[in-house]
1. Go through the stretch 464-510 and tell me which helices (runs of 4 or more DSSP H), entirely inside it, have 3 or more residues that are touching a residue at least 60 places away in the same chain (Cβ under 8 Å), out of contact with any Pro (no Cβ under 7 Å at 6 or more places or on another chain) and within 23 Å of LEU616 (Cα to Cα).
2. Of all residues in the stretch 596-640, how many are β-branched (Val, Ile, Thr) and farther than 30 Å from THR467 by Cβ?
3. Return a yes/no flag: does the stretch 595-616 have any residue that is at pLDDT 95 or above, within 28 Å of the chain's Cα centre (by Cα), more than 24 Å from GLN769 (Cβ to Cβ) and open to solvent by less than 30 Å² (accessible area, probe 1.4 Å).
4. For CYS776, which of the numbered conditions (1) in contact with a helix residue (DSSP H, G or I) (Cβ under 8 Å, 6 or more places away or on another chain); (2) under 24 Å from LEU797 (Cα atoms); (3) surrounded by fewer than 18 Cβ atoms within 10 Å (Cβ to Cβ) fails to hold?
5. Of all residues in the stretch 339-355 being without any contact (Cβ under 8 Å) to a residue 60 or more places away in the chain and touching a strand residue (DSSP E or B) at 6+ places or on another chain (Cβ under 9 Å), which is surrounded by the most Cβ atoms within 10 Å (Cβ to Cβ)?
6. Look through ALA178, ALA182 and report the one residue that is among the hydrophobic types (A, V, I, L, M, F, W, C), in contact with a Ser or Thr (Cβ under 7 Å, 6 or more places away or on another chain) and at negative phi.
7. State all residues of the stretch 471-488 that are within 26 Å of the chain's Cα centre (by Cα) and either open to solvent by 50 Å² or more (accessible area, probe 1.4 Å) or under 15 Å from ILE588 (Cα atoms) (or both); if no residue qualifies, say none.
8. Please go through (1) free of Cβ contacts under 8 Å to residues at least 60 places away in the same chain; (2) of a type in the set (A, V, I, L, M, F, W, C); (3) part of a helix (DSSP H, G or I) for ALA452 and return the number of the only condition it doesn't satisfy.
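The values are calculated or read from the model by the stated rules, or taken from the named source; none is laboratory data. For clarity, every value in this text was computed on a predicted model and none was experimentally measured. Quick reminder, even Gly has a Cβ in these numbers, built from the backbone with ideal geometry, and neighbours come from all protein chains shown. Side chains are part of the model used for accessible areas, which takes the heavy atoms of the whole protein and leaves out ligands, DNA and RNA. Shrake-Rupley method; radii C 1.70, N 1.55, O 1.52, S 1.80 Å.
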Amino acid sequence: MVDDVRELDLPSEVIDLLIEDWGIERLHPPQAEAMPIALSGQNLLLAIPTASGKSLVAYLAILKRLLVDSPGSRAFYLVPLKALAAEKVEELRQAGDRLGLLVGMAIGDRSGETVSLDEADIIVATSEKFDSLMRNKTDFLNQVSIVVADEVHLIHVRSRGPTMEVNLARIKHERPEAQILALSATVGNANEMAEWLNAVNIQSNWRPVILRYGTVCDGLVEPRLQVGPGGNAMELPPPFELPDEGDDLRNVLMSTVQDSGQVLIFRGTRRYAEGSATKLGDWMFKRMQSWLKTPEEAPEGLDVEARLMALAEVAREIEGSEESTMMGERLAEALRGGVAFHHAGLTGRQRRIVEAAFRDRMLFAICATPTLAAGVNLPARRVIVRDLSRWEDGLSRPLPRMEVHQMLGRAGRPRYDSVGDAWLIARHLEHADDIAELYFEQDPEAVESKLAAEPAMRTHILAAIATGGQRDRDALGRFFQQTFLGHGVENDWLQERIDEIIAWLAAHRFIERTGEDAAIIQRLAESPAIESEEGWDDEMPLWAQSAQSVDGVEFIEQFESEPRPKRPAVIGFQKAGELSEPEPKDVIPDSPAMTYAATPFGERVSRLYLDPLSGLILREGLRKARKVLCRIIEDRSISPWALLHLIACTPDFPPMWPTGKQMQRMTMKVNAMADQTLLDGHELNALGFMPEAESLAKSAWTLSQWIEEDSLREIEKELGVAPGDLRVRVDHAGWLLNATRQICANDDEEDAALADANGDLIEMLDVMQRRVANGCREDLLGLIAIRGVGRVRARTLANHGYRTPLEICGITKKAAQKLADERGWSPQLVENIMQSADRAIQTRGRRPTD
């Protein structure tokens, strides 16, 4: 193996980048083993621990491909989460700026997409955005020469895994010459995945920092295993006691502070993470106050006064947002003691502040939910997993080994630590032995495909027909054989699953059968038959042989043959009234030569990136809305609630579950708003979806409070919805409202008698989109268009009598001073808003007229 970067098969300018800009002269052992394969253009599955240098191998393979092997082509670097995308873009742009390559980002957030994707040589994208690009820019795939799939083990995650899997299958199927690099730290069945990808499998436990696994129980730390450079040859240290602070987490925190380190503490739920951070932060704050009085007791090297001042500044930054929240106040209080909590309920801004403070070594600890392990690169001296079980399907189940290894792998910071501690908290000593055996002595679980789930199958089969070019039954079957699911299941079972989904899509007019193609029949006739071992046992069983010897008993061969029923002819579309007719239970498979075409509705749903069931629900809800507007249905009304409730009815909207205390209120809300609900439970059930009415009510109620300008604090207090959770729902609502509008504007089966209602409905959807995006009432939409004016400032301006940019431009000096006296305002802020209003007017004046 070559570990000197000067000897790598790379252009000299790339070698200079490694040495001069990145300070890398030698490769780690797993990098040296993987590099010849990666640079040769072969597919590679690289399964090595966190911080061992997977990304560098991928970066150099990309540069070799674009600069030497296939100039003018394009590379994709696929990541599971948006937070990881920004990190990869920053690193790749360092190389791109020096080597003349443009790096773009595609994550569905336009604020981060500063480089045109059409011009980019390297695109960092989430799996979902890559899939969307392939559906809407079909020529993109023709230019791709290399694809990196980071965290490929996430194929086993039900929500995102199928998309990653189909992306890789599509590359294998349509661009077999493109190189695939799959990266992961934890793959239990790496050989199987490598075989699927036609890749060379390289696995290693080598780490740049020794990782020492151990258990903690009542202050006693028992080291159990260590891996890393020379780790196996080193003798494990004996058990030792932590400082006794009366609680395992306090013991761990004090030990970490005394060692000048940092600790990540993983808790099973948000409530536990917040509770631990609040208690530890309060305790640590009091301890630092006592160290101010007795400096000799403070840990060596800790400037207590400076640290307290810096932490107070971080806390003020959390508190300084335009809208304060109860969660933000709890976070700020914990931060004053050098501890933070981190979970999806925080806003993006709050998470970034916490992460930056930890990277700057300002914080002693973060108490986080397991999602942090998959989303952010935050290594620490020490990692603690406090909770090793979670409730699923009404049972307490152990956390998967794969998930625990992902968390523990964060221990040990390269360049800072010689050893990283990865500890599990045990209830008692026997429990410590049990969890050590389960999590330290056994391999991670095998990665399993989640593509067989109905939502994933119907989404990706529709996409394959509508935008993927797989427009006959044989082609569909062959494509899905390229998936990890197809690699691991019997082909007959897979084809039956495809037949079921095709039948559903055709029944609901997403696709139509366009007859058998003679060319395909000819192609199939010329193709060699695929042999399969059936595994029949033709020998007569022993019991039958014995029975045959009895007088009067004989066996006869009998074959029942039934004529294949003819499929009814499909001409055009079914009538709308036939929608609720029950589908046949037995699906008759199509001929391999049967061809399909997506209907305009099916193609639109696929390009909008909707679950087809969501598209079906939206279409039926809109048709009912038109009838309500035309007074054909008189017991319903169309209101903002009706539209918000409709999008909440879709499986694409993240559900919001009421707590036990909220259930009665939600039931009352369901009943109170029944006349403003477009699709009730019975109608949704008939379409094949069965959400809880109370969950839908909480979702619609939350969005309704948002657009009525309730503050984040009020929504948090009234409905228990954290700011980060609200942001996620607002983003999804914006996407679904846009999809609803497009479906409404392009319903090819619209009843001509209801056409007059369509314009009104589209106008209502346009207004609702803008209100949801900005969280305001309709009267503020003119002010919200001004740069730097959010809903809080817009309401302040409206309360002073200003409703349009033109009125703001006319603010007098006296009125400006009155505005500047408002809390949080200043003369400079008023001046900036006036200038932005003027620019908004000028921009509007330059727009071309129709």
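1. In the stretch 464-510, the matching helices (runs of 4 or more DSSP H) lie at 491-507.
2. 4
3. Yes; the residues of the stretch 595-616 include at least one that is at pLDDT 95 or above, within 28 Å of the chain's Cα centre (by Cα), more than 24 Å from GLN769 (Cβ to Cβ) and open to solvent by less than 30 Å² (accessible area, probe 1.4 Å).
4. (3)
5. Filtering first and then ranking leaves VAL354.
6. ALA178
7. Once the filter is applied, which keeps residues that are within 26 Å of the chain's Cα centre (by Cα) and either open to solvent by 50 Å² or more (accessible area, probe 1.4 Å) or under 15 Å from ILE588 (Cα atoms) (or both), the stretch 471-488 yields GLN481, GLN482, HIS487, GLY488.
8. So ALA452 meets the others, but not (3).
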